[in-house]
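Remarks on the structure that follows.
The values are calculated or read from the model by the stated rules, or taken from the named source; none is laboratory data. Being a predicted model, the structure only gives us computed values, none of them experimental. All Cβ positions, glycine included, derive from the backbone under ideal geometry; neighbour counts span all protein chains shown. These area figures cover heavy atoms from the full protein model, side chains too; ligands, DNA and RNA do not enter into them. Shrake-Rupley method; radii C 1.70, N 1.55, O 1.52, S 1.80 Å.
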Amino acid sequence: MKSKLAWAAFGVTLAVSLGLRAVQLAAAETFGAWGIALCGVLAAGALVCLLACRSDHTMVRLPVSGRLLSTAYTLTGILLTGVSVVYQAWNKTGKFPYTTGICTVLAVAAGLMLCLEGCLFAADGQNYFADHPVLALTPTLWCCAELVLQFRVNASEPVSTENILRTGALLFLMLTLQALVQMDTEVRRVSRGRLFGLTFATVLFAAASALPRFGNAEAAAYPPGLLWVLPVMGAFLMIAVCTVRPMTREELTGETEDEEVPEVRPVVMKDAPTLTARRSRGNRPVIASREDRRPLSPNEMEKRLERVLIQYLGQKYNAKCYFYTHKKPH
């Protein structure tokens, strides 16, 4: 990236927020002075990351092939599906059963799409989302459903730091997944600054929300599995944005340039000046190739001159053959 301020702000904010979160959990505080300080630090750090990343306007794309990215897609899909199904079975008699069921179905569909993309990407470098842009929206739809469920949880429970952190993480996660979908499907060009800024904000809130009070089973069950899914999605986003590649000029303009065949011509080079004695006028020049500055042997020099002379005559003169007929007098 052009500026290192975003990385520095991300590291400092992550360290400070994790420290504040640990202190808040040790004080057994649901929401208070420590919670307000934590939310303020996360909001300020995310804002600095977003503003610092705006200076990088380099358009990026997925790499042609990569085992790391394909493994990240596959593992994320498997964990998203498994965690959602397990927590749905655990929380089937809890609050909001219908909304939770819809979120679980969308989570399974999103996990399957990520697994499919990872398998195809590992097999032959094929981008499945580029050919099926509608299916690429499945992870984003799952995130929207989880956000609706989180809003319902926020309205039915007292204000707590856990719910605030999950809401912020889901908001930034939805925006990041949308940017990834636009880049994967090649519907819209995405800059590296936008992608990194949203990813940093998502990881900040997801890492802070990954330190819950596990003794409270109800807090760990709403929404189902989100305490485990958010760190997984944060790690997946970091791997995804760190493996993107800048777009070439041909990809940006949509034009392909013809490769120019280098013209091989002999170059007459003078001998290097010596410090001890002056060159005499009778020294012969050294003929070498423009690609290879080493002197040529007499045999190679004759072949090179002959080939160049033939090419020059073929380009300079348009040789034609004329046939004459002589009629015999009667």
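Below is a table of values for the structure above.
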item	result
Whole-percent carbon and sulfur share, accessible surface of region 77-193, 1.4 Å	69 percent
Euclidean distance between Cα centres, region 1-68 to region 133-191, Å	17 Å
Backbone HN-Hα couplings from phi across region 188-203 [Karplus 6.51/-1.76/1.60, Hz, Gly and Pro as x]	8, 6, 10, 7, 5, x, 5, 5, 5, x, 5, 5, 4, 5, 5, 5
Amide hydrogen neighbours beyond the local backbone of Arg61, cut-off 5 Å, H modeled	Arg245, Met247
Two-site FRET efficiency, Ala37 against Leu141, from Cβ-Cβ distance with R₀ of 45 Å, rounded to 0.05	0.85
Where labels lie 7 Å past Cα in the beta-carbon direction, separation of Val148 and Ile78 in nm	3.1 nm
Pair Val85, His57: separation of 7 Å Cα→Cβ label points (nm)	4.7 nm
Size-normalised alpha-carbon gyration radius of region 137-217, reference 2.2 N^0.38 Å	1.22
Rh (Kirkwood; distinct C-alpha pairs) - region 1-73, Å	14.7 Å
Length released on extending from Ala28 to Leu305, taking residue separation times 0.36 nm less the Cα-Cα span	90.9 nm
Computed E for Val159/Arg67 - FRET, C-beta separation, R0 41 angstrom, nearest 0.05	0.40
